[in-house]
Amino acid sequence: MKYYKVLKDGQAKDGGTFDYNPYIKSKAYLPIINDVIKCRSGYHLTTRPIDWLSGGANQVYEVTIKRGIKPIIDETDKFVVSTFKFKRLVETNIGKGYVGLFNSGVSNSGDRNSGVRNSGDWNSGYRNSGDRNSGDRNSGVRNSGGGNSGDWNSGDRNSGVRNSGDWNSGYRNSGDSNSGNRNSGNWNSCNHETGHFNNKENKHLNVFNKKCLKSDWDKARKPSFINFNLTEWVAYTNTEMKKDHKKELIKGYLKTTDYKTAFKQSFNQASKEDVKLLLKLPNFDHKVFEEISSITKKEIEVKLK
């Protein structure tokens, strides 16, 4: 928990005459007050400094408390201690309607929000009660969509986790309205379904246009060359770049290759053993593979010699 002290020109906001300035500069512990009585004696701190910001020149400091000398008396967000020391000056808000700290948006009660009316922290969207949301009306955390109560969703109105679709209570769904997991279809209560309104997981999937047991596909070793990038970084190689090796590393351009060309380039660099794994894939079909990759049966046979 973080504790704060709100001052006005180095003195307490309640009109006290104690000068905190020397201790702000030295960051030494303040003189110990043995008889701590809330609202009468002791140093009063808060966990919600915005409640004490009103008019005039206010400074908010995060402080460090020294436990073990006197108990901290808790009164909601008000604490009384026998001593503390100043840690750092906290930036206050630079707009209207702020409640939290470090906000650039409007009417936020949380902290570090650039959006509007957020009660959570680090939100760039609107009306979020969770944290680190870029969407709107989220109560979960790290959502880029809207209306999510779960976490890490890029879709909208999900109560589950890591969904890119909408209205899901399961997790990792790219479809909509699923209560199961990892569905790309809609309204499924089972897992890994591409269709709609299913409550039993299909044991099969199509591989090379034929049915294949999911368990067989999961057990099969896949060749590494079938995973490839369509983009690559190409460095400039003119005379000037050759003179300066560091520049050659950071200057160039991003080259995009079409799908079939990239597939063939990856195949050409594959080892003989890797290509053998291709032929062992369930339902492997040379014709289907060629239509997808442009790699012919003859090219595969040459690679295997």
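Rule-based calculations on the coordinates, nothing more; no lab input. Computed from a prediction, not measured in an experiment: that's the story for all the values here. Heads up, the Cβs are rebuilt from the backbone with ideal geometry, glycines too, and the neighbour counts pull from every protein chain shown.
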*If you bin every alpha carbon distance in segment 140-199 into 10 Å steps from zero, what whole percent lands in each bin?*
36, 51, 12
*Amide H to amide H under 5 Å from residue 169: which residues, 5+ apart in sequence or cross-chain, H placed 1.01 Å off N in plane?*
159, 160, 178, 179
*Could I have the simple spin-label model distance between residue 37 and residue 196, label points 7 Å from Cα toward Cβ, reported in nm to one decimal?*
7.3
_Peptides 79-86, 168-175, 214-221 ordered by average Cβ neighbours within 10 Å, highest first_ = 168-175, 79-86, 214-221
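To the nearest 0.05, what FRET efficiency results for residue 304 and residue 261 with a Förster distance of 22 Å applied to their C-beta separation? Don't skip to the end; give the middle numbers.
On the way: r = 22 Å, r/R0 = 1.00.
Calculated transfer efficiency: 0.50.
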*Given H placed on each backbone N at 1.01 Å, which residues far from residue 204 in sequence or on other chains put an amide H within less than 5 Å of it?*
214
